Amino acid sequence: MNHLLEINDLRVEFSTDAGTVRAVDGVSYSVDRGETLAIVGESGCGKSVSALSIMGLLPKPAARIRSGEILFNGVDLLGLDNGAMRHIRGKEIAMVFQEPMTSLNPLLTIGLQLTEALQLHMNMNLGQAWTRAQELLERVEISEAQRRLKQYPHHLSGGMRQRVMLALALSCEPKVIIADEPTTALDVTIQAQILELMKDLTHEMGMALVMITHNLGIVARYADTVNIMYAGKIVEGGAAKDIYASPRHPYTQGLMRSVPRLDLPREAKLVPIEGQPPDLSQLPPGCSFQPRCPYAVDLCSQEAPLLLETSLKHTAACWLVDEIEAVV
Ligand code: SF4
């Protein structure tokens, strides 16, 4: 059976002054209707690059896709020309970015931005598009929708702008929404509201949601499946409940120890992961996490471990996966 969106062995490189950077290095994952997949990792681990590859938005000519497949409904998006990709973007796969002020046009009213997309992709006339735009704002729980449609982005709060971005993403009823750090710029209570809303609406509308984040803590409640990325690779993946109950990779365990958790006593200390994320142009040999890993043995600096199943649908890439206790 075809998955709605399936990435197979994707490899993306960037040419930089420091040399070739392998930003995404053999990544595979899939997502289906009604499912929420979280891709988690520190800045520069390749999670956003894999999303931009899906959308055909990689910066050219610096970035190039070395190999792999991005199958959407069984069709490889990497084989499509610009015209066909324009049809997919927004209409079939939509993206919500971190900072709405850089994605919304500051010179156009919210109404114009929403109706433009509806007229273009949904063949609506202006009257129909205006009615639908109002409905969409109500759907994302923006009050006084009529009045908001006539306002400009700078009239709205950060949380409201992110709701408008969500309304824009939902407007053409895409099959997949990719949300890249959608709530990082917002305060904690608004973050929770937006994530809850995003999860509920995509689920209700039968869409797949790919949530990209650096914060393992916030996805615990919203994701069905989780992929943990480090240095361009997936190092652990599986059902969210399994990853939270028994994280197998030392990096995932480190991430979990470094975020506040409601299931631990209040006095429990947060433990940061030692060291810095690696420079992707100068990765160490073997396992990329080895310089920061408290368990590293000689083999770790000689050969990179493969991503293998440790239990049903739970994978991890670590030589010592059977020896390290799956606790945080
Ligand atoms: Fe640590 Fe070695 Fe496992 Fe890498 S392979 S995570 S260095 S124990």
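Quick note: the coordinates plus some simple rules give every number you see, no bench work behind them. Here the structure is a predicted model, which is why all the values come from computation and not from measurement. Cβ: placed from backbone, ideal geometry, glycine included. Neighbour counts: every protein chain shown.
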Selection within the stretch 309-319 - surrounded by fewer than 17 Cβ atoms within 10 Å (Cβ to Cβ) and either within 12 Å of the ligand (Cβ to nearest atom) or within 22 Å of the chain's Cα centre (by Cα) (or both): Lys313
Condition met for Ile190 (surrounded by 21 or more Cβ atoms within 10 Å (Cβ to Cβ), hydrophobic (A, V, I, L, M, F, W, C) and more than 13 Å from Glu35 (Cβ to Cβ)): no
Failed condition for Pro294, given (1) more than 23 Å from Leu37 (Cα to Cα); (2) surrounded by 20 or more Cβ atoms within 10 Å (Cβ to Cβ): (2)
Any hit, the stretch 285-308, residues being within 28 Å of the chain's Cα centre (by Cα), away from the ligand (no atom under 15 Å from the Cβ) and not polar (S, T, N, Q): no
Residue match in the stretch 245-266 (condition: within 12 Å of the ligand (Cβ to nearest atom), touching a residue at least 24 places away in the same chain (Cβ under 8 Å), under 26 Å from Ala63 (Cα atoms) and not in a helix (DSSP H, G or I)): no
Pairs where the first residue, in the stretch 279-295, is assigned to a helix (DSSP H, G or I) and the second is within 8 Å of the ligand (Cβ to nearest atom), C-beta under 7 Å, 6+ apart: Gln290/Ala296; Gln290/Cys300; Gln290/Ser301
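Table: residues versus (1) surrounded by 18 or more Cβ atoms within 10 Å (Cβ to Cβ); (2) closer than 29 Å to Ile39 by Cα.
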{"residue": "Leu118", "(1), (2)": "yes, no"}
{"residue": "Asn125", "(1), (2)": "no, no"}
{"residue": "Ser157", "(1), (2)": "no, yes"}
{"residue": "Thr183", "(1), (2)": "yes, yes"}
Residue ID - farthest from the chain's Cα centre (by Cα), chosen from residues in the stretch 122-144 that are closer than 23 Å to Ile194 by Cα, among the hydrophobic types (A, V, I, L, M, F, W, C) and in a helix (DSSP H, G or I): Ala133
Restricting the stretch 41-74 to residues that are polar (S, T, N, Q) and out of contact with any strand residue (DSSP E or B) (no Cβ under 7 Å at 6 or more places or on another chain), the residue that is surrounded by the fewest Cβ atoms within 10 Å (Cβ to Cβ): Ser43
